[in-house]
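K.L.:
Sharing a structure, written as structure tokens. Questions coming.
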Amino acid sequence: MSIHIAIIDDGINEDYYNIGQLDYNIEITQDLIIQTRYGYDTYENSHGTTCAAIIRKYAKEVSLSSIKILTKGTQKGLKAQLIRALEWCVEQKIHLVNLSAGSVYYKDFKEIEETIQRVTSKGLIIVAACHNQNIFTAPASFKEVIGVKCDLRDIVKAGEYIYNSYIPDGIDCITGSMHRIKNYNGCEEVTSLCNSYAAPYITFAVSEIIKKRPELSLAEIKQELKHSSNKLLIGTDYYKYQQIKYEQKVINCPTINILNISGNNMKDISNSLRALFRRDGYNAISVCSKNTEEDICNGIIPINNFNEDRADIITDRHILNQVYSIYEPDVMIINLQEQYTIEYLSSSMKEFMEYDIRILMIDEVNDTIRKYINPSVNTINIILQSSPREEDFLMKDYKAFCFKDKSVVNKIYDYILRLLDARQI
């Protein structure tokens, strides 16, 4: 079976690396006009040209096509161009896409996700590079895509890759990006250390799987990649291997902790606050405890994606640092379920549970609760009760709201905005 690979990038200039004839060589303009490329220097190097050369180094027989959506110089394109390029690949019955382009802007995620689900349901296989800052990237981080990062330590040998069975950032494979390729003059060049030059090798590996077993689904292809990988990374080994020191990264955004020890629904408060922040242009995420609630494109992040044992509780500050480092939110809302008792939070977890704002949902006040909400220098408490009473608390940094008030979430949101503005959190 002959495999047809489309490279969506800044265009392939086929003579620089002697890539050979392209099946299609098109450009999708910012007006979404699809046209044949012409008037370009076939001997000029480019990002897409290098990606094509890496694939050709390992896959001599595959058919290659070029879809140019990125502007020369800026290496930028529009979300609409990416979407149209993927749709075009389906229309042309292309088997496999190598993609370096993507978005880290949270407002782009949902539309790109919907496109990915649509085109992959029609059989298109996509290999995509993660952003070089190693943050959540659409579409590389989506489960319907095979996401790739480079080996930061440059110790994975040529022809090897590592499969990640524990992937809170959605990236499936780690491989080398420094390939030796010869240009038209016969001069050997070494590609740079970056994620986009790692993806082509995994594209080759996937093409080999498809060639042998074209009937396989994406899930089955991922299983084949896993079985053929040189090593599996599980749990924190993934981060240790990548030398990503999340514990050294400071969470540089407002953190809002919601603790519910009442009979009221905490999720509604959290989701409503997140939606209000997002409505006003803030990339707010809500860290929840159940993966059944997962909706990453809308900012709902399950905590068990970050626990090695898949537990749905926050066990240390390191986990929150990972969440922040991958998603880079403007606001982080952390939900604590009822399994966290006030006594537990007041003792062993108190040190790492320091937040800018804590929202406590309670039925009645007692001495233990007063001790827990006794504010630190940097924490403000918001109390939610059925019938809040001023005399219950003898402290200045707190605000009480009533559950029964139908507009309570909007009032809390307005209060938080005033706090953030006043304190410059």
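K.L.:
So, in the range 200-222, exactly how many residues are surrounded by fewer than 18 Cβ atoms within 10 Å (Cβ to Cβ) and free of Cβ contacts under 8 Å to residues at least 60 places away in the same chain?
P.N.:
Looking only at that region, the number is 7.
K.L.:
Sticking with this structure for a sec: Do you know which residues across the range 125-149 are touching a strand residue (DSSP E or B) at 6+ places or on another chain (Cβ under 9 Å) and surrounded by fewer than 22 Cβ atoms within 10 Å (Cβ to Cβ)?
P.N.:
His131, Asn132, Asn134, Glu144
K.L.:
Next up: Mind listing whichever residues of the range 114-136 are touching a Pro at 6+ places or on another chain (Cβ under 7 Å) and in a strand (DSSP E or B)? Talk me through it step by step, then tell me what you get.
P.N.:
Let us first name the residues in the range 114-136 that are touching a Pro at 6+ places or on another chain (Cβ under 7 Å), namely 116, 126, 128.
Within the range 114-136, Ile126, Ala128 qualify.
K.L.:
Would you call Leu384 at pLDDT 65 or above, crowded, with 18+ Cβ neighbours inside 10 Å and out of contact with any Ser or Thr (no Cβ under 6 Å at 6 or more places or on another chain)?
P.N.:
Working: at pLDDT 65 or above: yes; crowded, with 18+ Cβ neighbours inside 10 Å: yes; out of contact with any Ser or Thr (no Cβ under 6 Å at 6 or more places or on another chain): yes.
Criteria met by Leu384.
K.L.:
Turning to a different aspect of this structure: Residues that are acidic (Asp, Glu), more than 20 Å from Gln133 (Cβ to Cβ) and at pLDDT 95 or above: list the helices (runs of 4 or more DSSP H) wholly contained in the range 168-257 that include at least 1 such residues.
P.N.:
199-212, 218-228
Let's see how each residue does on (1) surrounded by fewer than 21 Cβ atoms within 10 Å (Cβ to Cβ); (2) of a type in the set (Asp, Glu):
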residue: Lys60; (1), (2): yes, no
residue: Ser63; (1), (2): yes, no
residue: Leu82; (1), (2): no, no
residue: Leu96; (1), (2): no, no
residue: Leu99; (1), (2): no, no
residue: Ser103; (1), (2): yes, no
residue: Asp108; (1), (2): yes, yes
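K.L.:
May I pose another question? Between Asn98, Asn45, which is assigned by TED's automatic domain parsing to the domain that holds Val145, assigned to a loop (DSSP other than H, G, I, E, B) and closer than 24 Å to Asn195 by Cβ?
P.N.:
Matching residue, one of Asn98, Asn45: Asn45.
K.L.:
Pick out the one residue from Thr379, Thr341 that is modelled with pLDDT under 65 and either closer than 27 Å to Asn283 by Cβ or of a type in the set (S, T, N, Q) (or both).
P.N.:
Thr341
K.L.:
Which one of these is modelled with pLDDT of 95 or more and either under 17 Å from Val127 (Cα atoms) or small (Gly, Ala, Ser) (or both): Lys110, Lys79, Lys93?
P.N.:
Lys93
K.L.:
I'd like the full set of residues that are outside any helix (DSSP H, G or I) and either at pLDDT 85 or above or out of contact with any Lys or Arg (no Cβ under 7 Å at 6 or more places or on another chain) (or both), limited to the range 303-328.
P.N.:
Asn307, Glu308, Asp309, Arg310, Ala311, Ile313, Ile314, Thr315, Asp316, Glu328
The values are calculated or read from the model by the stated rules, or taken from the named source; none is laboratory data. Fair warning: this is a prediction, and the values are worked out from it, not measured in the lab. Cβ sites come from the backbone with ideal geometry, for glycine too, and all protein chains shown count toward neighbours.
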